[in-house]
1. Could you sort out which of 376/422; 278/309; 180/316; 188/297 sit more than 21 Å apart by Cα distance in this structure?
2. Once you put a point 7 Å from the Cα of residue 135 and another 7 Å from the Cα of residue 224, both along the Cβ direction, what distance in nm separates them?
3. In debye, nearest 20: dipole of region 308-376 around its Cα centre with unit charges on the Cβ of K, R (+) and D, E (-)?
4. Length gain on complete extension for the stretch residue 99 to residue 313, per 0.36 nm per residue less the alpha carbon to alpha carbon distance?
5. Using the Cβ atoms and a cut-off under 13 Å, what net charge is assigned to the surroundings of residue 184, where Lys and Arg are +1 and Asp and Glu are -1?
6. Express in nm, to one decimal, how much length is gained between residue 252 and residue 448 on full extension, taking 0.36 nm for each residue of separation and deducting their alpha carbon distance.
7. Compute the separation of the alpha-carbon centres of region 153-198 and region 380-438 and state it in Å as a whole number.
8. With r defined as the distance between the Cβ atoms of residue 71 and residue 273 and R0 fixed at 41 Å, what FRET efficiency is calculated, to the nearest 0.05?
Amino acid sequence: MLRARPRARRSRYNVSYRLTRSVPAMIVAALLVVVLVGATLTYQRLDDFFTATTGHHLNPLGEVVQAIEPSPGTIAYKLKHGQRVNILLLGRGGYENDAPFLTDSIMAVSIDPASNRVMMVSIPRDLVVKMNLQDPATRTWANKINAAYEVPYTNIICCVAKAYTGRDGGGHAAEHEVGKITGLTFDKYIAVDFVAFRDMVNVLGGVDICLTTALDDNTYPDYYGGYHPIHFKAGCQHLNGEQALEIARSRHAIQAAQSSDFGRARRQQDIMEAIKKKTTSVNGFSKAPQLLSGLQKNITTDMSFTDMKAIYDWGKNLPNTSIVKLALTAPSPGTEGNLLDSGNCGMGPYVSQLCPDDQSFGMIKRYIKYVLIDPKVLAEKAPVQFANGSTSFTGLDQRVTGMFDPTGLQLADPVAHKALAKSIVYDYSGGQFPLTAKFLASYFGATIVPATPTSPAPARGQQTFGLVVVLGHDFALRFLGL
């Protein structure tokens, strides 16, 4: 029997805030602005910055050559020739925390220059993975994904493979393990600690943030292994770096609107926008030297000057509507979740952990591979509804609808349906949306069947126009990797 549990009815609101859990994402805009205005600074100052953050000295002649005609395989080359670029963004506690190398924020960013879109996928820190970072590679170690980065810098495991040692070993280890989950091959990584975030906001003179409700969190972690309460009023207020960090990280506010995933994501989105606004202002540009100092000691990356400049040039005018934001989640109060579930994934019954429903990660990889839907499909603007026709997977329709909410498909609220062994796409449009129907049939392994408002008889609450995808027992099995 398939696993089933009651699901909360999904909200049709706040969809754009489904993902923004990453402190590094807030840093990138400022980092690239610093790069852009770097020409106004002394060569020695820039060289110090890039040596500290990348481990390599600047090569002015080489950077000029790469800018004019980048080498095949580089980020600049890929962007110029319409090839995908994948960057892993990591946020870690830093030396002010008792676990400085654990990455509390993990975000995979995939840039698609061919369609001028960006996909951002948040990976929860509690997702358990069987890591193979040791020598021999057949040796596995089950732990949360946030531990991958710390492997080269601690004695947590022995026999670390050479590929994951040295200055960039943590970034490469995280790339390897996140790649196993997502199916993405990463070009570069950026790791940022919370000190960089806090110092950057302070250098910018603070940021202005508006809260829809008050935020009171009595168990916010302090820097000594304990907790201290934080309190912020509703409305607009000016925040310094520490306050902005508190609002971004708070997870246990007593107000339901602030403790939910949506509330936390909304706050982080607002902070990111405030930082971008500050860094791209005249005042922000004038503070590039101070930003260099604030970021230099607390960012690690294997990106080159040319890499950063190429990304900035490509994306500086990209509208927010071109960014598809996703998060791998498990069901919890207020959210239906998608491809994960809570449980004992091998670390014992008393450890908070998340498991993939498909233990092979095949469903996650498929989702990420196809989630940037062809613009020609989206241009049809087909009305789409998902219906749950599985035999015993309660909430499957809500999970799938939540997965595809950010993609640009025109979705209605999901409904229950009588059980079907095989998935079907009912076409009530008379063939008006052929590309969308073909995409849905391909993704869900379904058959396209012409339908009328009365035949076959619709389920309660089901639309009888556009396209209706009935998720059959066959898809439910694939969803669980069975």
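The values are calculated or read from the model by the stated rules, or taken from the named source; none is laboratory data. In this text, all values refer to a predicted model and were calculated from it rather than measured experimentally. We place every Cβ from the backbone using ideal geometry, glycine too, and count neighbours over all the protein chains shown. Keep in mind that these areas ignore ligands, DNA and RNA; they rest on the heavy atoms of the full protein, side chains included. Shrake-Rupley method; radii C 1.70, N 1.55, O 1.52, S 1.80 Å.
1. From the list (376/422; 278/309; 180/316; 188/297), the Cα-Cα distance tops 21 Å for 376/422; 180/316.
2. 4.3 nm
3. Using Cβ point charges on Lys, Arg, Asp and Glu, region 308-376 gives about 400 debye.
4. Full extension of this stretch gives 73.5 nm more.
5. +2
6. Separation in residues times 0.36 nm, less the Cα-Cα distance, equals 66.0 nm.
7. Result: 38 Å between the Cα centres.
8. 0.75
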